[in-house]
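The values are calculated or read from the model by the stated rules, or taken from the named source; none is laboratory data. Values in this document were obtained by computation on a predicted structure and should not be read as measured data. Note that we place each Cβ from the backbone using ideal geometry, even for glycine, and neighbour counts take in every protein chain shown.
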Amino acid sequence: MRIRDLLPAAMLVGVCIFWLAAATLRPQPGQSQVGVIFPPSLAGTEVLARIADAGGRLVREGVWPFIAIVALDRPETLARLRDRGVLLTVNPLALGSCLTRPTAN
């Protein structure tokens with residue numbers, strides 16, 4: 001058996017793993033909070049301004065200044081965030097502490 005014979009099966013496994021990861025990270029309908037990732041070139045103050053402009057409420061900052069957890073108080077907030085440059089929205093429960101800054105002891 002050659003490696004070339006296993007390539008289609010390996011590619012199928014890779015696609016399935018990618019699809020499952022994407023489905024897990026996607027925010028669920030009716031979720032009250034969402035993780036947002038802005039372009040890395042934005043400063044923390046610009047991210048906060050865009051969140052406030054979209055009508056969102058900051059729950060906590062992420063590991064880097066361009067990541068934040070936002071409360072969705074109104075249904076249109078998510079669409080308004082996307083209009084203000086959000087690259088990716090994720091389920092904060094799926095990533096847990098990966099999106100948050102570690103606290104000092």
Within segment 25-67, the residues that are more than 13 Å from Val90 (Cβ to Cβ) and charged (D, E, K, R) are Glu46, Arg50, Asp53, Arg57, Arg60, Glu61
Give the number of residues within segment 60-77 that are farther than 17 Å from Pro27 by Cα, within 13 Å of the chain's Cα centre (by Cα) and crowded, with 17+ Cβ neighbours inside 10 Å. 2
Of all residues in segment 7-37 being surrounded by 13 or more Cβ atoms within 10 Å (Cβ to Cβ) and of a type in the set (A, V, I, L, M, F, W, C), which is modelled with the lowest pLDDT? Leu25
State whether the residues of segment 38-55 include one that is at pLDDT below 90 and buried (at least 17 other Cβ atoms within 10 Å of the Cβ). no
By my count, helices (runs of 4 or more DSSP H) wholly in segment 1-93 with at least 2 residues that are in contact with a strand residue (DSSP E or B) (Cβ under 9 Å, 6 or more places away or on another chain) are 44-53, 77-83
